[in-house]
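Let me begin by handing over the structure; questions about it come next.
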Amino acid sequence: MLEAGTDFEPWVVESVDDAAIRSFSYVLADPNPIHLDAGAVQAMGLGDRVINQGPAGIGYLMNMLRASAKDVEIEEFNVSLWALIFAGDRVVARGHIDDVESANGKSRYYCSLWLEVEGRRAIEGTATILTAESKELSNDR
Amino acid sequence: MAIARFAALPGTVLPEGAFVISPEEDRLVREIVGEASSSTGRAHPLWAFIATQRGIGTSVAELCALADFDVADGPKMAGWNATFTGELLTGYSYRVTGEVTDIVRKRGKSGLFDLMTFVERLVDEDARAVVTTTTTFVLPRKNH
């Protein structure tokens with residue numbers, strides 16, 4: 001069972017997939033060339049690979065939270081995006097429980113979370129998640 | 001951009017729209033972000049971002065154009081907040097509403113940029129917001 005101070009099991013993406021970035025542009029109906037054309041990224045002086053969408057990183061962090069127990073509900077999610085993530089990068093979603101409250105048969109977990117890329121934090125923020133007390137969070141996945 | 005128009009942007013109501021999260025697209029999104037679990041009628045919470053962006057009655061390019069910014073110049077996301085007050089379901093038609101709340105001009109190491117913030121929400125048939133999101137875009141002003 002997780003309690004204040006406990007770390008979440010990290011959620012790892014070994015290599016951000018170029019094809020997934022293209023698919024996500026389609027899903028988002030987002031024509032931004034930085035996700036589609038490495039040449040455009042280069043022309044902007046940002047690098048030489050297409051850039052992953054910020055919301056994909058948010059998705060990795062949500063997956064980490066959701067993997068911690070069955071039927072986890074995210075109540076509040078708040079992040080700042082500090083750095084770009086490129087196709088091929090290895091990213092690791094991490095987080096820990098800062099505080100826990102129990103009331104009305106539910107446990108509310110206040111969490112810190114961040115997404116590491118090449119040892120730096122690309123996304124950082126907080127979340128509040130809820131779970132029924134009978135399904136309290138566990139690292140025993 | 002005219003200073004007066006820039007200053008008038010906060011409070012601009014975005015055209016209302018509607019959005020249905022299809023089970024097929026929910027599966028695709030789970031695949032994109034690497035979640036193995038299948039759709040069971042409850043959509044992945046990342047749809048809070050996707051459904052508001054796609055469902056609001058204006059495109060990303062049109063949203064950027066409100067601030068005289070060309071989407072081809074590469075807007076980036078600086079921050080995102082979501083408050084969930086209900087479940088996101090697949091196959092359900094949500095009303096999507098929103099407005100621009102702020103735009104601030106700043107200068108950083110890479111030059112001049114604007115931070116444009118807007119609020120969007122998915123509203124159910126009882127007129128209840130099931131999720132409210134606040135998104136901040138960085139709009140780099142490459143010609144300044």
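The values are calculated or read from the model by the stated rules, or taken from the named source; none is laboratory data. Everything quoted here is computed from the prediction, not taken from an experiment. All Cβ positions, glycine included, derive from the backbone under ideal geometry; neighbour counts span all protein chains shown.
Output the residues belonging to segment A:12-45 that are within 8 Å of chain B (Cβ to nearest Cβ) and acidic (Asp, Glu).
Once the filter is applied, which keeps residues that are within 8 Å of chain B (Cβ to nearest Cβ) and acidic (Asp, Glu), segment A:12-45 yields only A:Asp30.
Suppose we filter segment B:58-86 for residues that are without any contact (Cβ under 8 Å) to a residue 40 or more places away in the chain and either assigned to a strand (DSSP E or B) or touching a Cys at 6+ places or on another chain (Cβ under 6 Å) (or both); how many remain?
Final tally of qualifying residues: 1.
Taking segment B:32-91 as the search range and keeping residues that are away from chain A (no Cβ under 11 Å) and touching a helix residue (DSSP H, G or I) at 6+ places or on another chain (Cβ under 6 Å), which one is farthest from A:Ser68 (Cα to Cα)?
B:Thr90
Given A:Glu76, A:Glu124, which one is within 15 Å of B:Gly79 (Cα to Cα), at the interface with another protein chain (Cβ under 9 Å from one of its Cβ atoms), assigned to a strand (DSSP E or B) and in contact with a strand residue (DSSP E or B) (Cβ under 7 Å, 6 or more places away or on another chain)?
None of the other options fit; the residue is A:Glu76.
With respect to A:Ala56, determine if the residue is modelled with pLDDT of 95 or more, out of contact with any strand residue (DSSP E or B) (no Cβ under 7 Å at 6 or more places or on another chain), under 27 Å from A:Tyr109 (Cβ atoms) and in a helix (DSSP H, G or I).
For A:Ala56, the condition - modelled with pLDDT of 95 or more, out of contact with any strand residue (DSSP E or B) (no Cβ under 7 Å at 6 or more places or on another chain), under 27 Å from A:Tyr109 (Cβ atoms) and in a helix (DSSP H, G or I) - is met.
Applying the selection to segment A:9-53, what residues are at pLDDT 90 or above, more than 17 Å from A:Ala93 (Cβ to Cβ) and small (Gly, Ala, Ser)?
Listed by number, the residues that qualify are A:Ala19, A:Ser23, A:Ser25, A:Ala38, A:Gly39, A:Ala40, A:Ala43, A:Gly47.
Now, a different point. Which residue pairs have Cβ atoms under 8 Å apart, sit 6 or more places apart or on different chains, and have a first residue in segment A:25-50 that is under 27 Å from B:Thr52 (Cα atoms) and a second that is in a loop (DSSP other than H, G, I, E, B) and hydroxyl-bearing (Ser, Thr, Tyr)?
A:Ala29/B:Ser59
Output the residues belonging to segment B:87-135 that are more than 24 Å from B:Leu9 (Cα to Cα), aliphatic (A, V, I, L, M) and in a strand (DSSP E or B).
Passing the criteria: B:Leu89, B:Val130.
With the structure loaded, tell me whether A:Ile58 is of a type in the set (A, V, I, L, M, F, W, C) and closer than 16 Å to B:Ala82 by Cβ or whether it fails that test.
Yes, satisfied.
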